[in-house]
Every structure is written in C-alpha cells, then in structure tokens.
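Following: one structure in structure tokens, then a few remarks.
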C-alpha cells in the first residue's frame, strides 16, 4: 500500500505546474478564453512537447504507455490552472476510444499525430433526452455501398468546434457503434458555444454524413462497454482535475480569511468561519482520497464491475465536494467572491460543471447501488 | 500509487483474522453482535486472551510487551478486531495511563503499574471531566493539597466511563490554584479507587444504560509516589494523552461490520410496498451514501497512515478529521438501522415475561441514543474543528 506519486509522476506534474504558473497564469488564461479560437495552440504544442498528450498511449504510437495514475498529478495541475485546452476530450475520452477499440490502421492514423499535438479529438455521444444514460443513442448509421451514412444530433460535445476529428456514437441495425469522422466531412455541422467553465463545445448535426467503411471503430453494435470504459477513465481524470481546483479554492479562501479584516480583526479569527473552513478542508481530503481510488481503478478493464462501482463511488464524493467547496469558497469571500475579477469565481464555475460532468451524484448513486 | 495491501500486509491480516476466528469466544461474539451489555468480566476476559497472545498492547515498547508492529499493522489489527466484532479493549489503562507512564512515569511506577495493566489485573478509569469543566478541561477545580507523604484530594469528577468497574483512576487535579494561567498548577495523580473518601454514583444515560459515573473525592489520601511527572506539570501530560485518545476513533472495521449487518437486515425487511427495503430508492440512496462515506474515510485513514509510515511523523491534527468523519458515520449507521427497523424501534423493555419480546429490535433505538455520545466525547467534534483550525490551517 502506498499513496505516493513515483519520481517520474512527481517530476512530470512539477514540470507541468511550473509551465502553467509561468505561461498560463490567470491573466494569460483570460486572454486565451477571450481569443477567437478559445484555446492556445502554443500551450497545446508545449504540452505535447513535454509529453503530456502522450502519457496514456502505447509506446508503439509514440506514447509512454502510462496509466490514469500517471495523469493524476497533471490533471491536478490543470484543475489548479483551469486549463481550457481540449485535453479531456482528446486524450481522456476520444483518444481512449481509439486506443482501446481501434484497428491497427486507425490507431496508426490517429494516435501518433494526437501524441505529437497535431490532432485534436472530440467524442460526439450525448443526445437530447439522454441525460447521463450512455445507452440512449438515437443517431442512426446506415450501411451504404461505399461505407456508412450517419444522421442525428449530438449535444454538448466538449471540444467539438476545435477538434479535427470526431468519434461519433450511432445505432446501426446491430446496436450502438462508434465511428471516426472528419469534423469537416460533408454533412457534419458544428454549432459552437462557450461553456460556463469557459471551454469550447458545440452541438453536432449529422445530416446524412458520409464515411468510408474504415470509419467503424471497434465491433459493430458492441460499443457500449467501450464507451463506459472510456467514460470511466475520463471520469477518473476529471476527479483529479477537481482535486486541483478544490485545492486552489481552499488555499485562496484560507489566505483571504487571514488577510481580510472586518471589525478590526482578520475574519479568520471568527469561529463561525473557522469551522466552515475546516469542513472545506475535510471535504478536500476526502475528495483527494476518492480521486486516488478512481485513478487506481480506472485502467482495470479486467474487473469492469469493480472499476465502475469504484469510479461511481469516487464521483459521488467528488460531486458533493465540488459543490460544497465551491459554494463555501464564494460565501467566505463575501461579495468579492462574486466578482469575475477573482480567479476563485472561475474555479467555482469549473467545479460547478465538474459536479455534473459524466453524471451527477444521483446518477452515480444509482449506478453504485445497481452494481452492489 | 497502489491502494492494495502488500503481500506481507495481506499475510499479516490473514494471520490476525484467522487467530480472531479461532480465539474470540462465541458468547462474547454473540453479545457484541446483539448489542448486549458487556460486564466487567467480559471485558477483562477478552483483554486477558489478547494478553496471553501478546497482542494486547501493540504500541507499547517491546520490553513492556509491545509487538513491534508498524502503524499499518497496528491499524490492520484494530480494524480486524472491529470487523470480527470483538469486545472493545478499554483504553484507560492500555492506551492512556500506560503511554503516560511510559513517557512520564518513574521506573518504580512503570514496574508497579505497567505489568498489571498489561495483564488485565487492574481496571482503570479516567478522572478528567468535572461538572464545570468539559471542553474547557483546564478550568478543572478538584483540589489536591500536599501534606506529609500524601496529597489530600477533594472535589468531583464526572462522566467517568466504567468508573464502577475500576480499581484505579488517573486524575487531573489542581495542586496550585494561585497560578495566573489555568493550565499551570495542574498535576496528574494515580488514585486507588478503594481509598477511603471516594464515592461512585451512577449516571444513567438516555438509553437506560449505566456506563458513566460521578466520582466524589472527600479528603482522599493519595501517597506522593502516585504523582506522575512533576507537580504542576499535569497539563503537559494531559495534552500528550489527548493525542493518544484520538488515535483510533475512525473505527472503520466496526463500521464495516455494522454496514454489512444493515444491508443484510434491509434485504430481509419489507418496505412499504412489500419489496425488500433495500430496493426502496430513498432508503437505498441513504445506504449508498453512507457506504461511500465509509470508503472515503477508509482511504483517507490509509493515506494518513502511509504518510506517517513514510515520514515517521506522529499523527497531527489530521487525526481530528478521522474522529469527526468516523463518529458521524458511526452515528449515521445507528440512525439508519433504527430507521430500517421501522415501527419495531419503539419497544424498549418488556413488562413481565419477555418470551414474546424481540430484544435485538429493542436494542437498536437505545444504541442510536447511546451513539450521540461519539461526537461529544474524546474532544467534541467542535473542539476537533478548533484543533484543525489552529494546528493545520493556522487560523
């Protein structure tokens, strides 16, 4: 039993942290968010240069053959810095689907470029009315003489407007299947928007979008298990990202309690506020423990039930802690916390969204109970 | 990072588990499982079984009978005991007076008291709280005046757990009331409960049980050789001991056992629609949340232990988190069990024959009542928050 990051993991997390502190402070991030593209190609290239985009991919494709645990420290750094670049959709989600379900040719076509930072992906899966049910897929894929034709609408596709390729879920006559599509393929239209947590996402409309026979990713009709596996992996990453964001929220709130004076004394001398701060820290420690659980289980495809139940247990606690810590951080900052000028209000927005990303606490409670 | 126990740790766990399965007497196991009251003899019997095995005081130095286990092994042992449902080891001698004597006692005191504590020959209790001194322990008033070869002790202690079983009591007393700081002028005395002038009066709690007492001291003579550490330095001893008292309040093994019991019970108990209660979504959500809390506590506990093992640092204010969450979970378990049992939580005591009386069901609500103590004792959870606020956060 040990909870340590090994030396390589520590070094990597430390170098990412140092890089972000220098090149991605709050002011620089603000400019990235306000830019037309909504993400920074230089930052992305730097992350690829540092090897961060390649960690969880096999060395055959230029990666490092790493695990979710190898990414925990990096995700914490992203959460701290509120990174808006499409790391989660590219590396955590769609990239995992390709790596776990793709043919040799698909992996060769996608992964090396992804690892080099030259290819960004998005996973077009969620649909109106699906809520968090992964099996709710109404988008249709029909076999044609020359391959496939996809029709349907995908909603809230994270990273879609800035992706080069999309992994799309669609129902064939055999069931839910995955397809790898060019975002600029005929019949694919993306309506972009800014998310509350300042990332780029979009609605994806597939109007008889055409794809070749090689577009099918994994076995036809058998994509659900793969989707759950990749979503669990991404959920584990987002748990660690949340831990990084929560750590910032706790630290900055504690600092505020020590410096802000009212009635002639620092407000941190008031017991009513001290106990609330303590409860935030307890929430944080519990959340960190659960992120360790999620990271450790995320790669265990062998025992899918144990993996899924552990990830859900983690997400329940993380979701609760996201709400608790973000709300308290704002409350303890008083009016200042409401201001867009303070980073903590942006952390609030990210934590608010993470609480529901890949399923809220209620969704995971039901899953956790179902798998008992 | 690897959340699993190592092969050696698993082997150790299996050894403890196997030994407990073979050596925990069935009648004691049953009593714990049915929440029956444990007598002085029950408690001492289990204590002596462990003493014979050499496992009763794992944390003590080896020369005094300690096992030499590291913190993780000690944790595994405690959790296995909790999970197996052994009677508790009463901490006042083993985990409180013993460590104090080891740290502050004279050689003569160690030789006189430690073997008797180890072998379960003396039953100890703790004389800390007073009617006017609860969380503000240092305000205590029980007076000890030195004269000749003894102290003359007058005053009152309260909430004295198992004082009615005890042979000895360790007490904080005020030897010098003139000091400006209330933490000064306090001394740590060991007092024979058979001394003339001591009266023990039961305090019956709301669950109907007798576990705590008031202890009155009326001109009680205590030989000066029973003073531990220097006169007036009792607060140093008390602070050291409070750290020890908070060590094992996570009680994860015992909570796991209660959770398993609750799940099993809720699977047999019908809900309003006749289907098992455990399938009722509202109940099920409460149950799941509690299980997740317990998982989070267990991993946090292991994380702190791992940190301790690696850095060699004693547990700091982190332990307060385990106390807060651990006791909240223990309380929630008793509450949910009471809720699961539904209307049958109401019967309390049979009148006349108890042939038709479900004593297990009748024990569930009193247990809920009794467990309200957990967030109050051993430094209330609010005091624990004060500790974290000051020690960890620097507020």
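What follows is calculated from the coordinates using simple rules that are stated; it is not laboratory data. What you see is a predicted model, and the numbers here were worked out from it, not measured in a lab. Neighbour counts run over all protein chains shown; Cβ positions are idealised from the backbone, glycine included.
Quick one: compute a quarter of the convex hull surface over the Cα atoms of segment B:246-392 and quote it in nm².
Averaged projected hull area, Cα only: 10.5 nm².
How would you rank A:1, B:193, A:277, A:336, going from fewest to most other Cβ atoms within 10 Å of each one's own Cβ?
Sorted ascending by nearby Cβ count, the order is A:336, A:1, B:193, A:277.
Computed on alpha carbon atoms, what radius of gyration and Dmax characterise chain A, expressed in Å?
20.7, 79
Rg over Rh of segment A:239-353, using C-alpha atoms and the Kirkwood radius, what does it come to?
For segment A:239-353, the value is 1.08.
For segment B:7-89, what are the per-bin percents of Cα-Cα distances with bins 5 Å wide, up to the bin holding the maximum?
All Cα pairs, binned at 5 Å, distribute as 3, 14, 25, 26, 18, 10, 4, 0 percent.
Taking every residue in A:286-299, how many Cβ atoms of other protein chains lie within 10 Å of its Cβ, on average?
Mean number of neighbouring Cβ atoms from other chains: 4.
Can you tell me which of A:314, A:219, A:236 moves the most in a GNM of chain A? Springs connect C-alpha atoms under 10 Å apart.
Looking only at A:314, A:219, A:236, the largest GNM fluctuation is found for A:219.
Run the simple label-point estimate for residue A:259 and residue B:184 please: 7 Å along Cα→C-beta, distance reported in nm.
According to this spin-label approximation, the distance is 3.8 nm.
Running a GNM on chain A with Cα contacts under 10 Å, which residue among A:307, A:30, A:350 ends up with the highest mean-square fluctuation?
Greatest mean-square fluctuation among the candidates belongs to A:30.
Please compute the average number of Cβ atoms from other chains found within 10 Å of each residue's Cβ in peptide B:285-297.
Mean inter-chain Cβ contacts per residue within 10 Å come to 6.
In what sequence, highest mean first, do B:43-54, B:299-310 appear when ranked by Cβ atoms within 10 angstrom?
Descending mean neighbour count gives B:299-310, B:43-54.
What is the angle, in °, between the Cα long axis of helix B:281-311 and the longest principal axis of the Cα atoms in chain B? Nearest 10 is fine, range 0 to 90.
Helix B:281-311 and the main axis of chain B meet at about 40 degrees.
For segment A:213-243 and segment A:147-196, what is the separation of their Cα centres, given in Å?
15
If you take the Cα Rg of segment B:171-306 and divide it by 2.2 N^0.38 Å, with N the number of residues, what do you get?
This ratio for segment B:171-306 stands at 1.68.
On a 0 to 90° scale, report how tilted helix B:7-23 is relative to the longest principal axis of chain B, with both axes built from alpha carbons and the result rounded to the nearest 10.
Helix B:7-23 and the main axis of chain B meet at about 90 degrees.
Please compute the contact order of segment A:7-119 in relative form: average sequence separation of alpha-carbon pairs under 8 Å and at least six residues apart, divided by the residue count, as a percent.
Reported relative contact order: 32 percent.
Please report A:169, B:380, B:106, B:288 as a ranked list, fewest other C-beta atoms within 10 angstrom at the top and most at the bottom.
Arranged by neighbour count, lowest to highest, A:169, B:380, B:106, B:288 become B:106, B:380, B:288, A:169.
Gaussian network model of chain A, Cα springs within a sub-10 Å range: biggest mean-square fluctuation belongs to which of A:360, A:197, A:251?
With Cα springs under 10 Å in chain A, the top fluctuation among A:360, A:197, A:251 is at A:251.
Within a 10 angstrom radius of each residue's Cβ in A:319-326, how many Cβ atoms of other chains show up on average? Whole number is fine.
Mean shielding count: 1.
Normalised by the empirical 2.2 N^0.38 Å for globular proteins, what value does the Cα Rg of segment A:122-217 take?
That works out to 1.01 for segment A:122-217.
Give the separation of the Cα centroids, segment A:265-330 to segment A:74-97, in Å.
19
So for segment B:320-395, what percent of the C-alpha to C-alpha distances run longer than 14 Å?
Distances greater than 14 Å cover 65 percent of the Cα pairs.
Would you order B:13, B:251 from fewest to most other beta-carbon atoms within 10 Å of each residue's own beta-carbon?
Listing B:13, B:251 from fewest to most nearby Cβ atoms yields B:13, B:251.
Two decimals is fine: what is log10 I(q)/I(0) at q = 0.16, 0.19, 0.23, 0.29 Å⁻¹ for segment B:198-244, from a Debye sum with one equal scatterer on every Cα and no solvent?
Ignoring solvent entirely, the Cα scatterers give -0.76, -0.89, -0.92, -0.95.
With everything on Cα atoms, drop me the angle between helix B:71-84 and the longest principal axis of chain B, reported from 0 to 90° to the nearest 10.
Tilt of helix B:71-84: around 60 degrees.
Could you list log10 I(q)/I(0) for the protein assembly as shown at q = 0.07 Å⁻¹, which the Debye formula gives when each Cα is one point scatterer?
-0.61
With a Cα-only, solvent-free Debye model of segment B:124-235, what are the log10 I(q)/I(0) values at q = 0.20, 0.23 Å⁻¹?
Per q value, in the given order, log10 I(q)/I(0) is -1.01, -1.29.
Which order, highest average first, do A:150-157, B:17-24 follow once you tally other Cβ atoms within 10 Å for each residue and take the mean per peptide?
So the order, starting with the most tightly packed, is A:150-157, B:17-24.
Based solely on its DSSP helices, what 222 nm [θ] is calculated for chain A when runs of n ≥ 4 H residues each add -39,500 (n - 2.57) and the sum is averaged over all residues, nearest 500 deg cm²/dmol?
When only DSSP H runs of four or more count, the value is -16500 deg cm²/dmol.
For chain A, what does the relative contact order come out to in percent, with C-alpha contacts under 8 Å and a separation of six or more?
It comes to 15 percent, rounded to a whole number.
Can you give the translational diffusion coefficient of chain B in µm²/s, computed by Stokes-Einstein from the Kirkwood radius over Cα pairs at 20 °C and 1.002 mPa s?
95
What is the ratio of the Cα radius of gyration of segment B:38-155 to 2.2 N^0.38 Å, with N the residue count, to two decimals?
For segment B:38-155, the normalised Cα radius of gyration comes out at 1.24.
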